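Each remark here refers to the structure printed beneath this line.
The values are calculated or read from the model by the stated rules, or taken from the named source; none is laboratory data. Remember, predicted model here, so these are calculated numbers, not experimental data. Every residue, glycine among them, receives a Cβ derived from its backbone with ideal geometry; neighbour counts consider all protein chains shown. Each accessible area value is taken on the protein alone, full model and side chains, heavy atoms only, with ligands, DNA and RNA left out. Shrake-Rupley method; radii C 1.70, N 1.55, O 1.52, S 1.80 Å.
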Amino acid sequence: MERRRPAVTPELLMRVTLAWAMIAALLLVTGLPAILGHRFPDPDDTLRLLQVRDLIAGQGWYDMTVHRADGEVMHWSRLVDLPIAAVILALRGLVGMAAAETTALVVVPLVTMFVCLFLVGRIAWRLLGDELAMFACLALAFSVPVVEQLRPMRIDHHGWQIALVLLALNAMMARSPRTGGWIVGGALATALAISIEQLPIACAFVAVLAFRWFSDRHERQWLVSAMQALAVVSAVLFAATRGLSAMQTCDQIAPVHLAVFAWGAVVFTAASALEPRPRGMLFAAVAAAVGGALAIVWQIAPACIGGTFGAVEPVARELWLSRVAEGSPIWRQDLPVMLQIVLPPAIGLAALVRLAGRSSGWLRRCWTEYAILLAAAFVLSIFVARAGAVAGALAAIPVGWQLREWLRRVRHARRPMKRIATYGAVSVALVPAAPALLLLSAVPGQAQGQYAPLHRMPAEGECGISAAPLALKEEPTGRSLVPLDVGAIVLLETRQSVMATAHHRAAKLGTVIRAFTADDATARAIVEGEGIDTVALCPSLAEPQNYAHDAPNGLAAALMSGRAPGWLEPLAPRGDGWRVWRVRH
């Protein structure tokens, strides 16, 4: 009978640490200009640092309001703020606030990367042997979507979600059903508390555990423990991070979700207590759990059935949300991005099928379940590009195994054509990953302009998209109309307030878009009605280009072509590519 290896050994830690040191060193060297220039990969990272600053400055733990962004109430979790705040608080007395923040921007993502590498290496170590731990870690680093979420300056929540999904996968292979089930449920509950976008993956884990129960009635404790943990840990985290008075929402874990998890835990616990029963009773229990969950959602929060973005008004949905690249399906991505998302999980799935076919007993079940989870993540990534990070992380272990198999064939191939074919397969697998450790880390992320670009994105020196306009920094406290994608950096680096940032909860998303796309009279009415003091944009950014394309007679088009209306007074340029005007009241 096949036996699992020890969970952790000094040699495993040494291999993981070596892989992490090599990857981290390369990311630090190639990403040094972005680190020193405080260039964030994404507006979410910018706003996350602002949120941490406000917390350190005394803003309430439960208060997620961005007060200088027209009172936006963010749906984010304080759990992600904790490690960033901890590093800053630990170092600011020694090196100052600015250096402490920069250190946190580097250390927190790299620590998250180490956790992910360890969890990937641990599975490979236990199931495939010593050599595969290093191959799996390197395969993780070859995945562009994964590295994008774990590089320095990327402090938003996606990296921790990857780590928690990998933790749940590790727990699926535990020896104790009760302990393993509770870790699975706890990890999924924490991932969901951070962001509800992991709900489809959580459902996939629950489905796999239900499959275990169907396959072997003695394995029912896995699902029971996981559902109990999901219900209990979700309730605890909700009380700890949202507060008992938190209102019902669809874009974060809320009372309706807690009720669904509790219902599932009660149903499966009761069904387990009634075992053994005919298989039809188990089908009935699953039907009761799913049917009851749907009924709860319908009664408590029927609006959530339509998705999490129901509150976004039509103009913002059409001209902003539909153009956010990371939330779009892969067929709307550029070919290189599409390949980076698709190839690792596709190769991983093929490898898992081979591994399952050559295994038996619990190991064959393990690979089969693994393939189901990877397939679920892969399908999700096809429809939502940012889900490619989780799919890429789950694919790391089978891709690492496949790469080793190909390299072995190269070494042992005697026929030149067979060797050339194997080299070709390895190249196809690795070419899309070339930017992962070089281009991706050396060039600031394109997400600063999240709109699908109608033209090229600007170079850093051409527009300074990672920094607020210098002219705005010199302005006293006021209220600015700026493109959505740079709203967060204006908040971080100036004393200005903005109408909205690039987040779906912003109440003034549509107002910003209408101001930039309206004719002169309408735009002036919006600007004066909102108490705007300054207007700023950079013509090279994708967002104002989109506005000009959508509304050739709108305000953005006029400003970009040098036809500013008379009610705007141009401020002296500061050489950073931005154009700034003061409103004549």
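What's the long-distance tail for segment 474-585, i.e. % of Cα pairs beyond 19 Å? Cα-Cα pairs in segment 474-585 separated by more than 19 Å: 37 percent.
Potential lengthening of the chain between Arg354 and Glu11 amounts to 120.7 nm, from the contour at 0.36 nm per residue minus the alpha-carbon distance. Could you work out what % of the accessible surface of segment 1-70 is carbon and sulfur, using a 1.4 angstrom probe and leaving DNA, RNA and ligands out of the count? Answer for segment 1-70: carbon and sulfur cover 66 percent of the accessible area. Note on Glu131 and Ala90: their simple-model spin labels are 3.8 nm apart, each label 7 Å out from Cα toward Cβ.
Rounded, prolate or oblate: which one fits segment 62-105, using the alpha carbon gyration tensor with axes a ≥ b ≥ c (rounded when a/c is under 1.5, else prolate when a/b beats b/c, else oblate)?
Details: a/c = 3.21, a/b = 1.98, b/c = 1.62.
It comes out prolate by the Cα gyration axes.
The label point for Ser322 and the one for Met247, both projected 7 Å from the Cα toward the Cβ, are 2.8 nm apart. Seen against the Cα atoms of the chain and their longest principal axis, helix 416-430 is set at about 50 degrees.
Compared with the dominant Cα axis of the chain, that is its longest principal axis, helix 520-529 is turned about 80°. Remark: the chain carries 40 Å² of accessible area per residue (probe radius 1.4 Å; ligands, DNA and RNA excluded).
Each label point is 7 Å from the Cα along the Cα-to-Cβ direction; what then is the distance between the points at Ala239 and Ala99, in nm? Inter-label distance under the simple model: 4.3 nm. Using only Cα coordinates, the Kirkwood hydrodynamic radius of segment 264-336 works out to 16.0 Å.
Just check segment 15-119 against the gyration tensor rule for me: Cα atoms, a ≥ b ≥ c as the square roots of the eigenvalues, rounded for a/c under 1.5, and otherwise prolate or oblate depending on whether a/b exceeds b/c. Could the numbers behind the result be given before it?
Values: a/c = 1.90, a/b = 1.75, b/c = 1.09.
Cα axes put segment 15-119 in the prolate bin.
Oblate is the label for segment 196-353. Its Cα gyration tensor axes, ordered a ≥ b ≥ c, give a/c of at least 1.5 and b/c at or above a/b. Which log10 I(q)/I(0) values, to two decimals, does segment 162-224 give at q = 0.19, 0.26 Å⁻¹ under the Debye formula with one point per Cα? Computed log10 I(q)/I(0) values: -0.63, -1.08. With Cα atoms defining each centre, segment 364-413 and segment 180-240 are spaced 22 Å apart in the structure. Only helices enter the 222 nm calculation for the chain: every DSSP H run of n ≥ 4 contributes -39,500 (n - 2.57), and dividing by all residues gives -20500 deg cm²/dmol, rounded to 500. From the coordinates of this entry, Rg and Dmax of the Cα atoms in Å is computed, and it appears in (1) 33.0, 132; (2) 29.6, 99; (3) 25.4, 83 under the label (3).
The stretch between Arg409 and Ala525 holds 34.7 nm of extra length on full extension. This uses 0.36 nm per residue minus the Cα-Cα distance. Can you pull the percent of segment 116-169's accessible area that's carbon plus sulfur, 1.4 Å probe, other chains left in place? Carbon and sulfur together cover 66 percent of it. Normalised by the number of residues in segment 500-560, the mean separation of alpha-carbon contacts (under 8 Å, six or more apart) gives a relative contact order of 34 percent.
Extension gain for Met281 to Glu219 (0.36 nm times residue separation, less C-alpha to C-alpha distance): 20.7 nm.
Diffusion of segment 312-412 by Stokes-Einstein, at 10 °C in a medium of 1.306 mPa s and with Rh set to the Kirkwood radius over alpha-carbon pairs, works out to 106 µm²/s. Helix 158-171 axis versus longest C-alpha principal axis of the chain: approximately 10°, rounded to the nearest ten. Computed from the Cβ-Cβ distance with R0 of 35 Å, the FRET efficiency linking Arg364 to Thr179 stands at 0.95. In whole angstrom, segment 85-183 maps to an equivalent ellipsoid with semi-axes of 30, 16, 11, each derived as √(5λ) from the alpha carbon gyration tensor and ordered largest first.
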